[in-house]
Amino acid sequence: MSTVFVTGGSRGIGAAVVRALAQEYNVAFTYHSSEARARALEEELRGFGGVKAFFCDVSDPASVSAAERAVRERFGGADMLVNCAGVSSRGLLQDVTEEEWRRLFAVNCDGAFYVTKAFLPHMISKKKGSIVNVSSVWGVRGGAFEAAYSASKAALIGMTLALAKEVAPSGITVNALAPGAVATDMMKCYSPEELAALEEEIPLGRMATPEEIALAVRFLLTHGYITGQVLTVDGGFTA
């Protein structure tokens, strides 16, 4: 059975991805500060037999290397990868601190780099594999008061497009997913009034559910011929 490695899998979109894949694959997923949620998800999916949570700080290369070794020991390596771990920030660019800027890039972009670099050799050796990087609609078009977050997600898209060309000869697909507004904890930085105004801008009239984003992740992971693309899932927001 193939194994999928999902970062940030203890909650939100990541947890939905774990649930969507658990019936067909071994799923190794990471947590950082949400161990209780990770263990609860493990217990929820115990009947499938191949779901395991691992601690990992994706912004720390040593932590990523330790997680890769643990996954290799448990499952023999990962055949597919979903870089879902992410943090957000909202505010005027002039108010963003250097520490905040570095933290956004460390998790949203550097983390995907460290994880991909660690797991890619296994895929190359097998001449097959699939990588999905979860970016954001703000990485495609930019969001007011979210310049730092938008920049980190745009950088992730750039890495995706370049890597897709680099590893295609090895039979590996690499794509990015750009969700719009999704009903997760990350939206708590918006006031109820701001959320209502945002939903009014979405042609479908509502935010996406994590499960709807997970279906798109699964589609990109399993297609086999789509690579180097950015799939926007936003209810028509950018139409």
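Computed from the coordinates by the stated procedures, all read-outs in this text should not be read as laboratory data. The structure displayed is predicted, hence computed values, not measured ones. Backbone-built Cβ (ideal geometry, glycine too); neighbour counts: all protein chains shown.
Dipole magnitude of the chain about its Cα centre, charges +1 at Lys/Arg Cβ and -1 at Asp/Glu Cβ only, in debye to the nearest 20? Numbers along the way, then the final one.
Working: 22 positive and 26 negative charges, 205 e Å.
Using Cβ point charges on Lys, Arg, Asp and Glu, the chain gives about 980 debye.
List every DSSP H helix in the chain whose Cα atoms extend 18 Å or more along the helix's own long axis and whose mean Kyte-Doolittle hydropathy is at least -0.5.
Numbers: long enough: 61-75 (21 Å, -0.35); 111-126 (24 Å, 0.49); 147-167 (30 Å, 0.92); 210-223 (20 Å, 0.68).
Membrane-span-like by this rule: 61-75, 111-126, 147-167, 210-223.
For the stretch 3-233, build the charge dipole from Cβ charges (+1 Lys, Arg; -1 Asp, Glu) around the Cα centre, then report which of 158, 89, 233 sits farthest towards its positive end.
Projecting each Cα onto the dipole axis, the largest value belongs to 158.
Please check: in the Gaussian network model of the chain (C-alpha springs, under 10 Å), which one of 49, 142, 14 has the largest mean-square fluctuation.
49
Do the alpha carbons of any pairs in 126/153; 126/165; 52/127; 165/188 sit beyond 27 Å of each other, and which pairs?
Numbers: 126/153 29 Å; 126/165 18 Å; 52/127 25 Å; 165/188 37 Å.
Pairs exceeding 27 Å: 126/153; 165/188.
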